[in-house]
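What follows is one structure encoded as structure tokens, with my remarks underneath.
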Amino acid sequence: MRIAMIGTGYVGLVSGVCFSDFGHDVICVDKATDKIEMLQSGQVPIYEPGLDVLMAKNVSAGRLTFTTDLADAVDGADAVFIAVGTPTRRGDGHADLTYVMSAAREIAQAITDYVVVVTKSTVPVGTNRKVHEVIAAANPEAEFDVASNPEFLREGAAIDDFMRPDRVVVGVESERAVEVMAKIYRPLYLRDFPILNTDLESAELIKYAANAFLATKITFINEIAGLCERVGGDVKEVARGIGLDGRIGNKFLRAGPGYGGSCFPKDTAALARIGQEHAYPMQITETVIRVNDAVKARMIEKIREVCDDRFNGKTIAVLGVTFKPDTDDMRDAPSLTIVPALIGGGAKVRVVDPQGRAEGEALLPGVEWLDDPYIAAKGADAVVIMTEWNEFRALNLTDLASTMKTARMVDLRNVYSSDLALGAGFETYIGVGS
């Protein structure tokens with residue numbers, strides 16, 4: 001199959017590379033000339049484990065190319081995937097569809113033969129029908145179908161998620177489009193991975209509902225963590241106890257500083273807005289959003305408590321600022337709320353993150369960036385574990401504590417235990433939910 005992938009952001013690039021590894025001929029398109037030049041030279045503009053190797057393999061095989069010429073990429077394609085950004089629209093929480101509709105109009109002008117236009121971007125209910133209307137209006141002679149094919153990729157594990165998915169969701173309304181999408185995903189079908197064909201609206205909602213549910217699980221356990229702190233429970237034991245129930249499961253039940261990233265904040269806000277627009281409020285989702293904001297505020301107070309109830313004049317080492325490990329993504333990371341509060345209170349903040357500096361320098365002005373957690377902790381009043389990178393899971397706590405001004409740890413990911421930290425020389429250890 002010949003595939004055009006419009007957009008080389010996280011979703012577009014990972015999807016394009018993986019489709020080429022399926023054996024398809026893929027052309028990835030982006031208007032950003034510098035990004036395309038980087039990709040053509042073999043450089044990957046995002047950090048995703050294994051993506052550089054897989055990209056090089058398929059470029060070498062001649063199945064994967066990059067261009068700024070959308071018309072050339074669409075001409076003769078069996079399917080054109082729209083994988084552009086849908087950021088939260090300022091002021092109302094809705095997904096901004098400017099880039100999606102712009103891509104649809106450009107695709108319309110380039111269609112020369114039957115093609116399936118596939119929306120890979122996360123879009124509100126009804127968007128795919130609007131995409132169809134836009135293309136039909138821009139090119140009444142175009143022969144095409146529109147499909148919805150939401151992505152379910154976890155940053156840091158995206159390639160494995162694409163190659164071994166829990167499910168593939170395809171919203172389609174014609175047998176011809178079903179056949180095209182079946183050919184594209186044939187390698188997964190042959191290995192018995194579930195492929196669910198639905199109507200357009202159901203496919204659009206599945207993406208939002210899935211992310212809202214996962215965000216709800218995270219927020220629920222964070223709320224239980226707060227209660228554990230009041231009554232003397234241990235959230236790790238509570239999470240294990242409820243996670244062993246097959247109806248609940250143990251995933252997304254780790255207490256921490258709140259959810260962030262490119263999907264959960266944006267998609268919960270969009271789902272809440274969709275409910276409001278249809279006079280059916282998503283009350284659980286709206287509450288999840290409010291509680292998640294409150295969780296971040298509670299983390300700030302934990303750090304303040306360890307710092308003698310004031311940040312002014314304190315030096316704080318922060319380990320990890322990306323929203324999760326194994327990614328360079330800083331979008332809506334809890335650190336973007338917590339670190340500015342420390343600086344605003346007068347603290348000197350030193351940050352160590354294996355991949356966060358590239359984006360973080362602009363997003364976290366006023367911090368000192370270091371590469372070594374031991375250097376960052378030297379002379380510090382407190383160390384805060386914000387992101388559970390592997391580099392921070394096996395620290396020599398004795399060495400870390402010995403160089404600090406006051407050996408105090410706030411572990412927002414429960415990487416360590418109170419007994420371990422105190423035994424290594426820390427005078428104070430505070431985790432989440434115990």
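Descriptive notes on the structure:
- In region 8-113, the trypsin sites (Lys or Arg not before Pro) that fall in loop regions by DSSP, at most 13 other Cβ within 10 Å: 90
- Heavy-atom accessible area with a 1.4 Å probe sorts 94, 132, largest first, into 132, 94.
- Shape category assigned to region 384-432 from the gyration tensor of Cα positions, a/c cut at 1.5: prolate
- Among the trypsin sites (Lys or Arg not before Pro) within region 279-347, those in coil by DSSP and having at most 15 neighbouring Cβ atoms inside 10 Å are 310.
- Largest mean-square fluctuation among 96, 411, 329, in a Gaussian network model of the chain whose springs join Cα atoms under 10 Å apart, belongs to 96.
- Bridgeable lysines around residue 57 (alpha carbons under 30 Å apart, same-chain partners fewer than 8 residues away excluded): 31, 35, 120, 183, 324.
- For region 354-434, accessible area per residue (1.4 Å probe, heavy atoms of protein chains only), Å²: 44
- Range in the chain, longest, excluding exposed GluC sites (Glu not before Pro) [loop by DSSP; at most 11 other beta-carbon atoms within 10 Å]: 144-434
- When the solvent-accessible area of the chain is split by element, carbon and sulfur atoms take up 51 percent of it, the probe being 1.4 Å.
- Net +/- balance of residues flanking residue 337 in space, Cβ distance below 15 Å, scoring K and R +1, D and E -1: +3
- Whole-number accessible area per residue in Å² for region 1-143, which is evaluated in the context of all protein chains at 1.4 Å: 41
- Distribution of pairwise C-alpha distances over the chain, 10 Å bins, in %: 4, 20, 28, 24, 16, 7, 2, 0
- Cα convex hull volume per residue for region 1-129 (Å³): 111
- Taking other residues whose beta carbon is less than 12 angstrom from the beta carbon of residue 101, and scoring Lys, Arg as +1 and Asp, Glu as -1, yields -1.
- Look at the Cα gyration tensor of region 293-401: its axes a ≥ b ≥ c give a/c under 1.5, and that counts as rounded.
- Cα-based shape type of region 346-393, given that a ≥ b ≥ c are square roots of the gyration tensor eigenvalues and the cut on a/c is 1.5: oblate
- Largest to smallest in accessible area, the residues 417, 121 fall in the order 417, 121 (1.4 Å probe, all protein chains included).
- Normalised per residue, the accessible area of region 154-273 is 50 Å², obtained with a 1.4 Å probe and no contribution from ligands, DNA or RNA.
- Only helices enter the 222 nm calculation for the chain: every DSSP H run of n ≥ 4 contributes -39,500 (n - 2.57), and dividing by all residues gives -13500 deg cm²/dmol, rounded to 500.
- For region 378-434 versus region 68-120, the gap between their alpha-carbon centres in whole angstrom: 47
- Most mobile of 61, 158, 380 in a GNM of the chain (Cα contacts under 10 Å): 61
- The relative contact order of the chain, computed from alpha carbon pairs under 8 Å that lie at least 6 residues apart in sequence, is 12 percent.
The values are calculated or read from the model by the stated rules, or taken from the named source; none is laboratory data. Not measured: the values here are computed from a predicted model. Counting neighbours? That spans all protein chains shown, and the Cβs are built from the backbone with ideal geometry, glycine included. Please note that ligands, DNA and RNA were not included when accessible areas were found on the heavy atoms of the full protein model with its side chains. Shrake-Rupley method; radii C 1.70, N 1.55, O 1.52, S 1.80 Å.
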